[in-house]
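For reference, the structure discussed in these notes is given below.
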Amino acid sequence: MKESHLQFLLKALGAMFLLAFCLLPFGWMVIVSISRHADFLLPGVAFEISLQNFSDVLSDESLHLGAHLRNSLVVSAASAVLAVLAAGLSAYAIVRLRFPGRILMPMLVLAFSMFPQISIVGYLFRLMTALGWINTPMALIFPYTALGLPLALWIMLSAFAQIPVELDKAALIDGASRMQILLRILFPLAAPGALSAALLVFIYSFNEFLFALMLTTDFSARTIPVGIALFEGLHGQLPWGHMMAIAVIAILPVVGLTAVFQRRIVQGIVQGAVKG
């Protein structure tokens, strides 16, 4: 076998393995969610396609599925917007201004993201209790913003570094302030990077579990990952069909955003990889 054919075969096998590794769990979740009997693999149990699981979870008011989804969307969107705004301000200062320690700041922010969440959740709980924010969206928005800030900052640094500094000088000569330059020139030009940063922070916040579990107490503030995890505890059993149906519904917003903005996400991430 020629070396080129061997390389092609290995690449194809690797791609197939990666695709199967990523999609098989999702496919199994969908199959179980549309099956009338979750244990259809057992002998004597037939596989029947049915949407009864979705009908049950959508009509059962005790699950508070709508409230969980709403909380996840609100918290994730707010965290993404705040993280991108904070990252934009920080990136502008680091890229455009000259001050001591500006090169060290991104490293320190990145180092913060390496701390395990479990190591700070206790202190975070005490802080939120003192502020009276337990079981409110604020208890999740600010931690999610802080956790998503390192990624957003590095993406915005890469995006702003590609914009010629001459645009800033020209705007300053025309009387524009630094904030006007950031909002009216840099942010529009760095839109792909800002969008990719916002989407990645949104996806991370939407999927986060530990903080949502520790800092919320009921459906008025809980997000969908916690709602799914506590579903078994509420009913005292393992209704796999219903749980998979809720999981399918929960991932639809994330899958939709990723599918629609996939090119933007990739473009924003690699924007600073190549000069020119």
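Scanning segment 136-191 for residues that are hydroxyl-bearing (Ser, Thr, Tyr) and more than 30 Å from Ser220 (Cβ to Cβ) turns up Ser158, Ser177. So for segment 33-45 (the condition being assigned to a helix (DSSP H, G or I) and surrounded by 11 or more Cβ atoms within 10 Å (Cβ to Cβ)), does at least one residue qualify? Yes, segment 33-45 contains a residue that is assigned to a helix (DSSP H, G or I) and surrounded by 11 or more Cβ atoms within 10 Å (Cβ to Cβ). Residue-level check: of (1) at pLDDT below 95; (2) under 25 Å from the mean Cα position of the chain (by Cα), Leu51 misses just (2). The condition of being in contact (Cβ under 8 Å) with a residue 40 or more places away in the chain, closer than 17 Å to Ser196 by Cβ and assigned to a helix (DSSP H, G or I) holds for Ala152. Of the residues Phe112, Phe99, the single one that is surrounded by fewer than 20 Cβ atoms within 10 Å (Cβ to Cβ) and in a loop (DSSP other than H, G, I, E, B) is Phe99. Within segment 155-180, the set of residues being over 14 Å from Val95 (Cα atoms) and either surrounded by 15 or more Cβ atoms within 10 Å (Cβ to Cβ) or touching a residue at least 60 places away in the same chain (Cβ under 8 Å) (or both) comprises Ala171, Ala176. Met105 satisfies every condition listed in (1) surrounded by 11 or more Cβ atoms within 10 Å (Cβ to Cβ); (2) under 21 Å from the mean Cα position of the chain (by Cα); (3) not in a loop (DSSP other than H, G, I, E, B) except (2).
Can you name the residue in segment 181-220 that is small (Gly, Ala, Ser) and surrounded by 23 or more Cβ atoms within 10 Å (Cβ to Cβ) and is also nearest to the chain's Cα centre (by Cα) among such residues? Only one residue fits best here, namely Ser205.
Scanning segment 136-170 for residues that are within 19 Å of Val81 (Cβ to Cβ) and not hydrophobic (A, V, I, L, M, F, W, C) yields Thr136, Pro137, Pro143, Tyr144, Thr145, Gly148, Pro150. Checked against the criterion of being more than 17 Å from Met244 (Cα to Cα), among the basic types (Lys, Arg) and surrounded by 10 or more Cβ atoms within 10 Å (Cβ to Cβ), the candidates Lys11, Lys2 yield just one match: Lys11. The numbered conditions (1) closer than 30 Å to Phe219 by Cα; (2) under 29 Å from the mean Cα position of the chain (by Cα) are all true for Met16 except (1).
The values are calculated or read from the model by the stated rules, or taken from the named source; none is laboratory data. On a predicted model such as this, the values are computed, not experimentally measured, just so you know. A quick note on method: Cβ atoms are made from the backbone with ideal geometry, for glycine too, and the neighbour counts reach across all protein chains shown.
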